[in-house]
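The structure appears below as structure tokens.
What follows draws every value from the coordinates through simple rules; no lab data is involved. Remember, it's a predicted structure, so these values are computed and weren't measured experimentally. With ideal geometry, Cβ positions are generated from the backbone for all residues, glycine too; neighbour counts draw on all protein chains shown.
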Amino acid sequence: MLVGMRRERFEALVTRAIEDLPSEFQSKLENVQVLVEDWATPSQLGRARLSHRGQLLGLYEGVPQTKRGRGYGLVLPDKISIFQKPIEKQCHSEKEIEAKIGEVVRHEIAHHFGTDEETLRRIEGGRLRKRKSQ
């Protein structure tokens, strides 16, 4: 486990991960707030159906774009939380932290665009198998 990273550096890596998204995704990130938190709250863990705070690396809370109808408007921003401490606990270097942040940011933004957890797990599993075979 890597000793904790300064919050400012971690936030800069989250910002970079968002900036590294293809422009067609960046331009459609409407009404979304991305925050860095140390740990998930008990209610966030409950919504994610997890029991241990170290399990949750990120969380999307909001109305996915695919579910927004004509009446969508004048609402609070959707929220993407990136949890610093669990990510740090899973990583052994700053390079690993940066890669994990990118993965978590892409995962949570995919939820914003309406991709469900099951589909994301299939995509991520295929990506991992492809990397291992190279």
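Quick rundown of the values:
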quantity	calculated
Helix axis angle, 7-19 relative to the chain longest principal axis, alpha carbon, degrees	60 degrees
Cβ-derived FRET efficiency at R0 22 Å, T115 paired with R70, nearest 0.05	0.45
Label-zone membership for segment 72-97, site H52, 7 angstrom Cα→C-beta point, backbone N under 15 Å	86-91
DSSP-loop chymotrypsin sites (Phe, Trp or Tyr not before Pro) across segment 36-87, with at most 11 other Cβ within 10 angstrom	Y72
Sum of side-chain charges, F83 neighbourhood, beta-carbon under 14 Å (Lys, Arg +1; Asp, Glu -1)	0
Shape category assigned to segment 36-117 from the gyration tensor of Cα positions, a/c cut at 1.5	prolate
Surrounding net charge for A17, when Lys and Arg each add one and Asp and Glu each subtract one, Cβ distance under 14 Å	-3
Point-charge dipole on Cβ atoms (K/R +1, D/E -1) for segment 1-82, about Cα centre, debye to 20	300 debye
Beta bridge orientation in segment 7-133: antiparallel %, DSSP, nearest 5	40 percent
Summed side-chain charge close to E37 - residues other than E37 whose Cβ falls under 13 Å, Lys, Arg +1, Asp, Glu -1	-1
The chain - percent relative contact order, Cα under 8 Å, separation 6 or more	32 percent
